[in-house]
1. Looking at segment 108-120, which of its residues are of a type outside the set (S, T, N, Q) and either part of a helix (DSSP H, G or I) or open to solvent by 20 Å² or more (accessible area, probe 1.4 Å) (or both)?
2. Scan segment 99-108 residue by residue and report those that are within 16 Å of the ligand (Cβ to nearest atom) and either free of Cβ contacts under 8 Å to residues at least 40 places away in the same chain or farther than 22 Å from Asp19 by Cβ (or both).
3. List, please: which pairs have Cβ atoms under 7 Å, are six or more places apart or on different chains, and start with a residue in segment 28-56 that is more than 18 Å from Thr114 (Cα to Cα) and end with one that is outside any loop (DSSP other than H, G, I, E, B) and among the acidic types (Asp, Glu)?
4. Given Pro120, Pro82, Pro145, Pro96, which one is within 16 Å of the ligand (Cβ to nearest atom) and within 15 Å of the chain's Cα centre (by Cα)?
5. Among the strands (runs of 3 or more DSSP E) lying completely within segment 17-105, list those that include at least 1 residues that are aliphatic (A, V, I, L, M) and surrounded by 15 or more Cβ atoms within 10 Å (Cβ to Cβ).
6. Being crowded, with 20+ Cβ neighbours inside 10 Å and touching a Pro at 6+ places or on another chain (Cβ under 9 Å) is the filter; apply it to segment 4-16 and report the residue that is nearest to Arg140 (Cα to Cα).
7. Among the residues of segment 84-92, is there at least one that is touching a His at 6+ places or on another chain (Cβ under 6 Å) and over 25 Å from Gln122 (Cα atoms)?
8. Restricting attention to segment 121-158, which residues are touching a helix residue (DSSP H, G or I) at 6+ places or on another chain (Cβ under 7 Å) and in a loop (DSSP other than H, G, I, E, B)?
Amino acid sequence: MFYRDLSKYDYQDEDTFTDRESGFYALWYRPAYSRLNVGWLKAGKPYSTGTVPTAFVEKLKAVQQVQWMNVCLGAHECDLCPEDKAPEGNGEVRIPGEHGIAYAAPFLITHYITDHGYRPPQVFIDAVLAVDLDAWAAARWPDVPFPWIPDDAERMLQ
Ligand SMILES: [Zn+2]
């Protein structure tokens with residue numbers, strides 16, 4: 001899967017968040033916010049490179065510890081690594097940005113940054129640094145670590 005950074009995300013109609021403790025409670029909805037792609041890299045497609053702040057990478061990893069979303073869609077393998085060494089990632093990441101925009105990144109984005117020198121757009125770096133990690137880590141079902149869950153989201157025990 002390849003998408004240009006900051007292009008409109010249209011991979012899935014709905015966003016689905018899974019409770020990380022139970023692993024099987026989930027909620028989903030059709031987002032009212034706009035989603036923009038970040039970090040969907042593919043071999044043979046150019047991508048921006050450069051150094052990123054360490055605090056940003058650590059925070060993004062910490063977000064991935066607490067937020068499980070779109071995890072039911074199957075694993076994706078890194079296509080930039082040699083086949084026998086390619087890590088797999090399952091799911092995506094949602095990071096709220098400004099003005100009703102959420103960034104939509106694949107789970108492997110941290111691997112792309114640390115192992116392949118990928119540098120995401122500055123707006124994404126800023127948005128990750130702005131996440132209220134304490135609040136996200138404290139969220140317990142039926143709340144999930146993302147601030148824009150609509151009241152009418154479908155919730156279910158899968
Ligand atoms: Zn790789």
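1. Of everything in segment 108-120, those that are of a type outside the set (S, T, N, Q) and either part of a helix (DSSP H, G or I) or open to solvent by 20 Å² or more (accessible area, probe 1.4 Å) (or both) turn out to be Ile109, His111, Tyr112, Ile113, Asp115, His116, Gly117, Arg119.
2. Leu108
3. Every condition considered, the pairs that remain are Trp28/Asp15; Trp28/Glu154; Tyr29/Asp15; Tyr29/Glu154; Pro31/Asp15.
4. Criteria check complete, one pass: Pro120.
5. In segment 17-105, 25-29, 34-37, 92-96 are the strands (runs of 3 or more DSSP E) which contain 1 or more residues that are aliphatic (A, V, I, L, M) and surrounded by 15 or more Cβ atoms within 10 Å (Cβ to Cβ).
6. Restricting to residues being crowded, with 20+ Cβ neighbours inside 10 Å and touching a Pro at 6+ places or on another chain (Cβ under 9 Å), the top hit is Asp15.
7. There is at least one residue in segment 84-92 that is touching a His at 6+ places or on another chain (Cβ under 6 Å) and over 25 Å from Gln122 (Cα atoms).
8. Answer for segment 121-158, where residues must be touching a helix residue (DSSP H, G or I) at 6+ places or on another chain (Cβ under 7 Å) and in a loop (DSSP other than H, G, I, E, B): Val131, Pro145.
The values are calculated or read from the model by the stated rules, or taken from the named source; none is laboratory data. Every value quoted in this text rests on a predicted model; they were computed, and no experiment measured them. Every residue, glycine among them, receives a Cβ derived from its backbone with ideal geometry; neighbour counts consider all protein chains shown. SASA here: full protein model, heavy atoms, side chains in, ligands and nucleic acids out. Shrake-Rupley method; radii C 1.70, N 1.55, O 1.52, S 1.80 Å.
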